[in-house]
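See structure below.
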Amino acid sequence: MNQHEMIALVEQHLKAEGAGDVEGAVAVYADHIVHDAVGFPGSPRTGKDAAREFYLFLTANFRTEGEEPLNRFFDGDNMILEQNMTGAVIGEMLGIPGNGRQVTFRILHVFGFHDGLISREQVWIDSGAIVAQLTAP
């Protein structure tokens, strides 16, 4: 895949995720996807059904309000995406009740691609920033 195709596929995935469309979010995944939300219980997960479970939890607890790409790096069939993300924690995040509070944090994705689909996604978040915002008075 070329860089433009990778970007388009990731944007399709993130748009669906942000809209709470779990099926759309996993539609761009290969059947053998390895989804690794680093530090999240149960990660890494393998297969679409396991990834779907993660997104069902995420979309029940967090509503994306904005994503600002900061950097994209490419190496062969891999893309690293650094973003600022803003959203409302309508359930819990990192075990902390959100009470609808808005948080902004940096997030780093590492995507791998195979046969025109996303075959791997690793995600790191700035958990310190999230905790600080959710526990601030």
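Counting only residues that are in a helix (DSSP H, G or I), in contact with a helix residue (DSSP H, G or I) (Cβ under 7 Å, 6 or more places away or on another chain) and among the aliphatic types (A, V, I, L, M), which one in the stretch 28-60 is farthest from Ile90 (Cα to Cα)?
Per the criteria, the residue is Ala51.
Against the conditions (1) in contact (Cβ under 8 Å) with a residue 40 or more places away in the chain; (2) over 21 Å from Ala50 (Cβ atoms); (3) open to solvent by less than 50 Å² (accessible area, probe 1.4 Å); (4) of a type outside the set (Ser, Thr, Tyr), Arg72 satisfies every one except (3). Taking the criterion of being open to solvent by less than 10 Å² (accessible area, probe 1.4 Å), more than 12 Å from the chain's Cα centre (by Cα) and of a type outside the set (Val, Ile, Thr), the residues of the stretch 16-46 that qualify are Tyr29, Ala30.
Does the stretch 108-126 contain any residue that is more than 21 Å from Thr64 (Cβ to Cβ), assigned to a strand (DSSP E or B) and in contact with a Ser or Thr (Cβ under 8 Å, 6 or more places away or on another chain)? Scanning the stretch 108-126, I find at least one residue that is more than 21 Å from Thr64 (Cβ to Cβ), assigned to a strand (DSSP E or B) and in contact with a Ser or Thr (Cβ under 8 Å, 6 or more places away or on another chain), so the answer is yes.
May I ask you to verify whether Ile130 is within 16 Å of Ala88 (Cβ to Cβ), outside any loop (DSSP other than H, G, I, E, B) and either modelled with pLDDT under 95 or not polar (S, T, N, Q) (or both)? Judged against the criteria, Ile130 is a match. Among residues of the stretch 111-137 that are hydrophobic (A, V, I, L, M, F, W, C), those with a beta-carbon under 8 Å from a residue that is in a helix (DSSP H, G or I) at least six positions away or on a different chain give the pairs Phe111/Met6; Phe111/Val10; Phe113/Met6; Phe113/Leu9; Leu117/Leu9; Ile118/Leu9; Ile118/Val10; Ile118/His13.
With respect to His13, determine if the residue is buried (at least 19 other Cβ atoms within 10 Å of the Cβ), in contact (Cβ under 8 Å) with a residue 60 or more places away in the chain and either charged (D, E, K, R) or within 21 Å of Ser119 (Cα to Cα) (or both).
Considered against the rule, which asks whether it is buried (at least 19 other Cβ atoms within 10 Å of the Cβ), in contact (Cβ under 8 Å) with a residue 60 or more places away in the chain and either charged (D, E, K, R) or within 21 Å of Ser119 (Cα to Cα) (or both), His13 comes out as yes.
The single condition among (1) part of a helix (DSSP H, G or I); (2) open to solvent by less than 60 Å² (accessible area, probe 1.4 Å) that Asn84 does not satisfy is (1). Candidates are the residues of the stretch 114-137 that are among the acidic types (Asp, Glu) and on the phi < 0 side of the Ramachandran plot; the one that is least open to solvent (accessible area, probe 1.4 Å) is Glu121.
Tell me which residues, restricted to the stretch 89-107, are part of a strand (DSSP E or B) and polar (S, T, N, Q). Hits for the stretch 89-107 are Gln102, Thr104.
Kindly evaluate Ile7 against the criterion of being open to solvent by less than 70 Å² (accessible area, probe 1.4 Å), in a helix (DSSP H, G or I) and under 15 Å from Val110 (Cβ atoms).
Details: open to solvent by less than 70 Å² (accessible area, probe 1.4 Å): yes; in a helix (DSSP H, G or I): yes; under 15 Å from Val110 (Cβ atoms): yes.
The answer is yes for Ile7.
The values are calculated or read from the model by the stated rules, or taken from the named source; none is laboratory data. Keep in mind it's a predicted model, so treat the numbers as computed, not measured. We place every Cβ from the backbone using ideal geometry, glycine too, and count neighbours over all the protein chains shown. Heavy atoms of the whole protein, side chains included, go into the accessibility calculation; ligands, DNA and RNA do not. Shrake-Rupley method; radii C 1.70, N 1.55, O 1.52, S 1.80 Å.
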